[in-house]
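Have a look at the structure below before the remarks.
The values are calculated or read from the model by the stated rules, or taken from the named source; none is laboratory data. Note that the structure is predicted; figures quoted are calculated from it, not measured. Cβ sites come from the backbone with ideal geometry, for glycine too, and all protein chains shown count toward neighbours. Only protein heavy atoms, including side chains, enter the accessible area calculation; ligands, DNA and RNA are left aside. Shrake-Rupley method; radii C 1.70, N 1.55, O 1.52, S 1.80 Å.
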Amino acid sequence: MEPTDIPKAYDPKEWETKLYQKWEESGFFNPDTCIEKGVTKTDAKTFSIVLPPPNVTGHLHAGHAAMLAVEDSIVRYHRMKGDRTLWIPGTDHAAIATQSKVESIIRKEEGKTRHDFTRGEFLDRVNRFAQDSHDRITHQVRKMGSSVDWSREAYTLDEKRSFAVRTAFKRLYDDGLIYQGDRIVNWDPELQTTVSDDEIERKEEKSPFYYLQYGPFVISTSRPETKFGDKYVVMHPNDERYAEYIHGQKISLEWISGTITATVIKDESVDPSFGTGVMTITPWHDAVDFDIAERHTLDGEQIIGFDGKLLPIAGPFSGLPILEARKKIIELLTEKGLVVKIDENYVHNIATNSRGGGLIEPQIKKQWFIAVNKEFERDGDMVTLKQLMRRPVRPGGEITILPKQFEKVYFHWIDNLRDWCISRQIWFGHRIPVWYKKPTTDNGQLTTDRKGEIEMYCGVEAPEGDGWEQDPDTLDTWFSSGLWTFSTLGWPDEKAKDFVDYHPTSLLETGYDILFFWVARMILMSEYFLNTQPFDTVYLHGLVRDSQGRKMSKSLGNTIDPLDVSEVHGADAMRLSLLSGTTPGNDIRLSDEKILSMRNFTNKLWNLARYVGTMSGDTGTAEPEAKSDADKDLIQKLDTIVASVTRHLDHYELSMAVDELRDFTWGDFADWYVETHKVEHNDALLRYAFDIIIRLWHPFMPFVTEAIHQTLHLDESELLMVAKWPENENIRKTTANENRFALVKNIIIGIRNVRATYRIDPAKKLIVSAYGGSEKAFGENELVFKRLARISEIRHMDSQVPPKDSLRIQSGLLYAYLHIEGIIDIEAERTRLGKELAEAEKYATSLEAKLGNPSFTDRAPVTVVAQTKATLDETNAKADELRSHLASIS
RNA sequence: GGUCGCUUAGCUCAGUUGGUUAGAGCACUGCAUUCACAUUGCAGGGGUCGGUGGUUCGAGUCCACCAGCGACCACCA
């Protein structure tokens, strides 16, 4: 194509679908193909990452787009660098979230509940819905340009992952770490299932708070409807107000449904300063009460049924829903004169199911748990799962969490972790691999001598023989996601090639909101089953918010659909908006202005390509000759930016990489060098530089850069996607130069600080304080110390006052500095500085000769000279000031 | 109640281990523009880096306290 035929504006629609198809068909998303086709060396080091599987509940939102942008940038960078790079895509069945979504659709559209279907029929519906979501999601992932290896796509509920789940369950079961027990759980009466502690979302709600007469005590509650069975009254053992009552004492009193006998319990968990310092307990419907009851082996009764209605124990209130019952019970208590006070404006936390369900009602129920505090043997030591979860994260551990402060949050969470309830009474998910059989004789009759006993079998596959019935419950969705880093790589086959090659994975990138749900559980599973960490680095991105900092929600109408944006402005602009100006752990503000400015930049790049396209030139990759000062400067800047972007990418500092690269591209290259080029015409260098720029941009903006590559053919490679990352000897040179530059910089600072502390003493003397040389501030470079020592010498030479505190040492040897105070001759100082300037110039020349790199040497030493000159001027000014000062006082 | 974080230009935010004159985008002002690009260029204005103290030769950066905001966790019945 002739450059003049290239359209003036970049049109993403023209390119994106076409290019993605080309990438996908090339097979280079698959590291095996990269090796086959010689793009990656067989022995290259691996870089692997799993895509946090999006829930099959609908479509992708801006948060997913941020995730894809970060991950794709890093993955493309590693692929170009020549690493064996694997990025595994997948989707999550998201058990409860998906089921509740489908249930609500069915309710809305057909007025039916899941119980109007058989389990099989209902699952068909959910699976169909999940399939649609899956298709939509994978389409969207492609639209964003994500270079995932589709040939390895996984689904948390597919056959391979289900096998892994059953294997994992059985091993934990056999090791005694999964148990079944009657424990208090979070029950969602609406979805008819338990949910884990972490899935609960607490909301503040104003509701009346009742003070009730309970025998000689006044107790308080916001839930009178649970109080029917309350026959234990609890207070702190040291509460003097109630010293007359002793533990175990029985008291007869009038209560909701008549006279009852209450027992006094003393327990330290009661806060004497709250309310009246007395409370009654409802062990069946309150976790704290349950604990108290367990401590004192008290019994409890179920008051509220699993359908959220009161049970027969409530007498006349039986069958009423909670709120209705509450009202009527208060009416009754008021009649009986037992209501002491009602606080109408009490605010308390209510628990709701964050996965789309209703108000949580604590219930005691037989459930499956993972014991996180139970000791077991590991490598000869006794450990718990909790300890295993801490191991890789603590200082010196294998896992780095970015940003670091989330490590504290992580540990805090582990400290408060209770046994993990993994069973759910929903249909969609991994069925618990446990089967039961009522004991029978050979002829199939129930045996009479073992009546009530049930035989139990846990296995990866169903047991042989008849009469076995599988546990109806399913597993918490995070059980299967916890295995994700290795179930996607072929585990439980520990010899699977992918598993051996790519685990532990290199990076996990996800939102900080699922640190506990997911990240922690992956660490648990990997540490337990594999005795190793699931990933080396965790990069937590923030929530995407609108320009005013609000969460994006449909009801606010402030959602930005990444697909809509990509459609209009291109996926590149969308990606860049989500990368620039963002840091791990902090929320991302997304606005139309930002997207537009990134779109403008995309176009800038495109037009640079049009300009470069009009130039002839070789397509070689060798660095062309620098013909002018501008050329030299460009090469130097190019070296610096390559090194800098590379370093930032290695440290997952994407925002800094993008921002610096954009400043360079737009400011240094487009606005400055291209203008110079119009006069000086070094076409080869122009093309060479632009080729590097395009490669550097590719990880962040894959589409427009590939489009440019396809149009201009700046080098021989067919796809920019697998072009070599600009990493040549220049980088090493530049890094070394940068170190030297830092060194020189510190020397300058040393000189300046000496100058900065001049002051004129009233006793006609110029006092100078010279500070210099701490190992920490000035680095360990010999040259620096030499230089500083020389300055100190000069001070000593003129010093008349023996410095009292000439040497002070702080924090041991790490921070030592010299402090010399003395009187100096301003004329001598001026002469000395003149000499120093000459020396600096000489130093610049010698440094130049030593380094032998023109792109650097004409900068730093010259800066030294300039700075020294400035110091000389400053000294001259000081001298004049001193002179007039002396004149005025004499 | 506990923990963590935030406060930098009018707005949204960067600022890696303390180091030269604190930066970017958008917005604003003036000028330019047939020459790759008006999705443009050049020049410019705008900051007591929340406050007070401390450490340091040097603090936006480290420490203490205070103020405002936010998030997460938690058993206040």
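In table form, for the structure just shown:
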{"read-out": "Qualifying positions in region A:226-261 - farther than 24 Å from residue A:322 by Cα and among the aliphatic types (A, V, I, L, M)", "value": "A:234, A:235, A:243, A:246, A:251, A:253"}
{"read-out": "Condition met for residue A:530 (farther than 30 Å from residue A:602 by Cα, surrounded by fewer than 21 Cβ atoms within 10 Å (Cβ to Cβ) and more than 14 Å from the chain's Cα centre (by Cα))", "value": "yes"}
{"read-out": "Pick from region A:656-671, criterion touching a residue at least 60 places away in the same chain (Cβ under 8 Å) and of a type outside the set (Gly, Ala, Ser), ranking: most open to solvent (accessible area, probe 1.4 Å)", "value": "A:666"}
{"read-out": "Flag for residue A:455 being open to solvent by less than 20 Å² (accessible area, probe 1.4 Å), of a type in the set (D, E, K, R) and farther than 17 Å from residue A:172 by Cβ", "value": "no"}
{"read-out": "Residues located in region A:147-203, provided they are on the phi > 0 side of the Ramachandran plot and either assigned to a helix (DSSP H, G or I) or small (Gly, Ala, Ser) (or both)", "value": "A:176"}
{"read-out": "Index of the failed condition, residue A:223 passing every other in (1) touching a helix residue (DSSP H, G or I) at 6+ places or on another chain (Cβ under 9 Å); (2) in contact (Cβ under 8 Å) with a residue 24 or more places away in the chain; (3) over 19 Å from residue A:343 (Cβ atoms)", "value": "(3)"}
{"read-out": "Residue in region A:258-279 that is farthest from RNA strand B (Cβ to nearest atom), counting only those that are touching a Leu at 6+ places or on another chain (Cβ under 9 Å) and of a type in the set (Ser, Thr, Tyr)", "value": "A:259"}
{"read-out": "Selected residue [in contact with a strand residue (DSSP E or B) (Cβ under 7 Å, 6 or more places away or on another chain) and outside any loop (DSSP other than H, G, I, E, B)] from A:25, A:71, A:16", "value": "A:71"}
{"read-out": "Breaking point among (1) near RNA strand B (Cβ under 9 Å from one of its atoms); (2) part of a helix (DSSP H, G or I); (3) not aliphatic (A, V, I, L, M), for residue A:572", "value": "(1)"}
{"read-out": "Search result, residues across region A:635-649 that are within 10 Å of RNA strand B (Cβ to nearest atom) and under 19 Å from the mean Cα position of the chain (by Cα)", "value": "A:648"}
{"read-out": "Matching residues, region A:387-417, being in contact with a strand residue (DSSP E or B) (Cβ under 9 Å, 6 or more places away or on another chain), outside any helix (DSSP H, G or I) and near RNA strand B (Cβ under 10 Å from one of its atoms)", "value": "A:403"}
{"read-out": "Every pair of residues 6+ apart whose Cβ atoms lie under 9 Å, when the first sits in region A:672-687 and is closer than 11 Å to residue A:634 by Cα while the second is assigned to a helix (DSSP H, G or I) and among the basic types (Lys, Arg)", "value": "A:673/A:637"}
{"read-out": "Any chance residue A:540 is in a strand (DSSP E or B) and either out of contact with any His (no Cβ under 6 Å at 6 or more places or on another chain) or at pLDDT below 90 (or both)", "value": "yes"}
{"read-out": "The one condition in (1) within 9 Å of RNA strand B (Cβ to nearest atom); (2) more than 20 Å from the chain's Cα centre (by Cα); (3) open to solvent by 30 Å² or more (accessible area, probe 1.4 Å) that residue A:551 fails to fulfil", "value": "(2)"}
{"read-out": "Selected residue (only one of A:572, A:639 is over 21 Å from residue A:512 (Cα atoms), surrounded by 19 or more Cβ atoms within 10 Å (Cβ to Cβ) and modelled with pLDDT of 85 or more)", "value": "A:572"}
{"read-out": "Residue A:370 of a type in the set (A, V, I, L, M), modelled with pLDDT of 90 or more and touching a Leu at 6+ places or on another chain (Cβ under 9 Å)", "value": "yes"}
{"read-out": "Matching residues in region A:345-364 - criterion: being within 12 Å of RNA strand B (Cβ to nearest atom) and among the hydrophobic types (A, V, I, L, M, F, W, C)", "value": "A:347, A:350, A:351, A:360"}
{"read-out": "Candidate set: region A:586-614, residues that are of a type in the set (Phe, Trp, Tyr) and more than 7 Å from RNA strand B (Cβ to nearest atom); chosen: the one nearest to residue A:714 (Cα to Cα)", "value": "A:606"}
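Residue-wise test of (1) at pLDDT 85 or above; (2) closer than 23 Å to residue A:363 by Cβ; (3) not in a loop (DSSP other than H, G, I, E, B).
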{"residue": "A:261", "(1), (2), (3)": "yes, no, yes"}
{"residue": "A:265", "(1), (2), (3)": "yes, yes, yes"}
{"residue": "A:274", "(1), (2), (3)": "no, no, no"}
{"residue": "A:279", "(1), (2), (3)": "yes, yes, yes"}
{"residue": "A:292", "(1), (2), (3)": "yes, yes, yes"}
{"residue": "A:301", "(1), (2), (3)": "yes, yes, no"}
{"residue": "A:306", "(1), (2), (3)": "yes, yes, no"}
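Matching residues to (1) acidic (Asp, Glu); (2) within 12 Å of RNA strand B (Cβ to nearest atom); (3) part of a loop (DSSP other than H, G, I, E, B); (4) open to solvent by 30 Å² or more (accessible area, probe 1.4 Å):
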{"site": "A:212", "(1), (2), (3), (4)": "no, yes, no, no"}
{"site": "A:220", "(1), (2), (3), (4)": "no, yes, no, no"}
{"site": "A:227", "(1), (2), (3), (4)": "no, yes, no, no"}
{"site": "A:237", "(1), (2), (3), (4)": "no, no, yes, yes"}
{"site": "A:247", "(1), (2), (3), (4)": "no, no, yes, yes"}
{"site": "A:253", "(1), (2), (3), (4)": "no, no, no, no"}
